[in-house]
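Student: I am attaching a structure below and will ask some questions about it afterwards.
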Amino acid sequence: MLIWRGSGIAIPIVIFINFLIVGLWYEDHTLGNYAENGWVCFYSAIITLLHGLLVLPNKKDPQEGGEEPPASLNDHSFFYIPVIFWALILGALSAYFLFSGGGKQARPKAGTPVKETPAVQMRTVHILNPTKDSLLVAISSAAGYYKEEIIKPLTYIERDLAVGSYSFGGFNMQDTFLYKLPSAALHSDTKRCVKVKNKKGQEYYERILRAPTPSKNDYDDAWVIVDTERKLIVLDVTAVCIKGITKARVEGVDWTKKIEQQFNGSDLAEPLYGKDPGKGSFTVLNIGKDIPESIGNNERVFILFSAPPDRELTNEYLANKVAKLCPAIPKEKE
């Protein structure tokens, strides 16, 4: 015996067509996607209701005996359920799927952990050309990153790089190799370097770029100085963050005691990285930025500048560097 009678065969056809149409708006077509199931049932219920009303039983023509048989809802049924009742069933299923916690998203199966894709962490890396010639710098990673940049003399660029590992190479405009990070001296340091392979299977080393610290009150930027001998100085200038500062007052500070850190181009420079600001905050001014004339409570301000490897960091030299960055002090002609 057939599982449908009359136009009851339309029930699965209507459901299937609605599934195909509604599915265009969803990627997940599993039974756990309550939203998709709910809307399929909703539209199918409407169509089936109209269908059921059209085929409600009417009196049949009298047979030869003259008797008029009673009309039956089962004249149009699917799985022995009349079409009009299918509209009610689909409507109830629609309400269940849409209002019982399905919402707009598919529900995960019970006991299945939801996997979240972690956000990619980024760090700003400044690449300084301390020379008097333009340089080409190549940044590469075994993970697939590659970028070439031309940096003008005595300037720097900044790029946001995903946390991972990288190698940096420096060339002059005649394509002569001048600089490499990490240098061979760092290869054995597993906290700084990692051994990787290129597409040809050749092994080499990359410098690890660590994740930024959780604190929002410190400094997470890193620096690449494209000169292995050149110094990068971190100097505490909190004492002169005063409105109307004079050169005499700047010269009165013992700047040799304000040197916080020194780096050189042989490794990635990470000024104040991981240093706890306590209840205050750190502000690190990138190279060439003016010193502010006012600061917040418990705020410490540092400047960055580069110096030749043979430059003695005397108090006079440091005071002159600071004075040039104080807006209130007139700039002297060089």
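Read-outs: derived from the displayed coordinates by stated rules, not from any lab. Small disclaimer: the values here were computed from a predicted structure and weren't measured. Don't worry about glycine lacking a Cβ; one is built from the backbone with ideal geometry, like all the others, and counts go over all protein chains shown.
Student: 7 Å from Cα along Cα→Cβ at both residue 24 and residue 7: what's the point-to-point distance in nm?
Tutor: 2.5
Student: Could you check the simple spin-label distance between residue 88 and residue 155, using points 7 Å along Cα→Cβ, in nm with one decimal?
Tutor: Placing both labels 7 Å along Cα→Cβ, they lie 7.9 nm apart.
Student: At what distance in nm do the modelled label points of residue 177 and residue 95 sit from each other, each positioned 7 Å from its Cα along Cα→Cβ?
Tutor: The two pseudo-label positions are separated by 7.6 nm.
Student: Something else: What Kirkwood hydrodynamic radius do you get for the range 124-323 when you take the inverse of the mean 1/r over all pairs of distinct Cα atoms, in Å? Spell out each step's value before the answer.
Tutor: On the way: mean 1/r = 0.0549 Å⁻¹.
After inverting the mean inverse Cα-Cα distance, the result is 18.2 Å.
Student: Mean Kyte-Doolittle hydropathy of 1.6 or higher plus an axial Cα length of 20 Å or more: which whole DSSP H helices in the chain meet both?
Tutor: Once both thresholds are applied, what remains is 83-97.
Student: Can you flag which of 247/289; 180/275; 132/257; 258/289; 289/324; 180/321 are past 20 Å Cα-Cα?
Tutor: Violating the 20 Å Cα-Cα cut-off are 180/275; 132/257; 180/321.
Student: One quarter of the convex hull surface, Cα atoms only: what value does that give for the chain in nm²?
Tutor: With every direction weighted equally, the projected area is 31.9 nm².
Student: Can you give me the long-range amide H partners of residue 155? Hydrogens built in the peptide plane at 1.01 Å from N, cutoff under 5 Å, separation of 5 or more residues or another chain.
Tutor: 129
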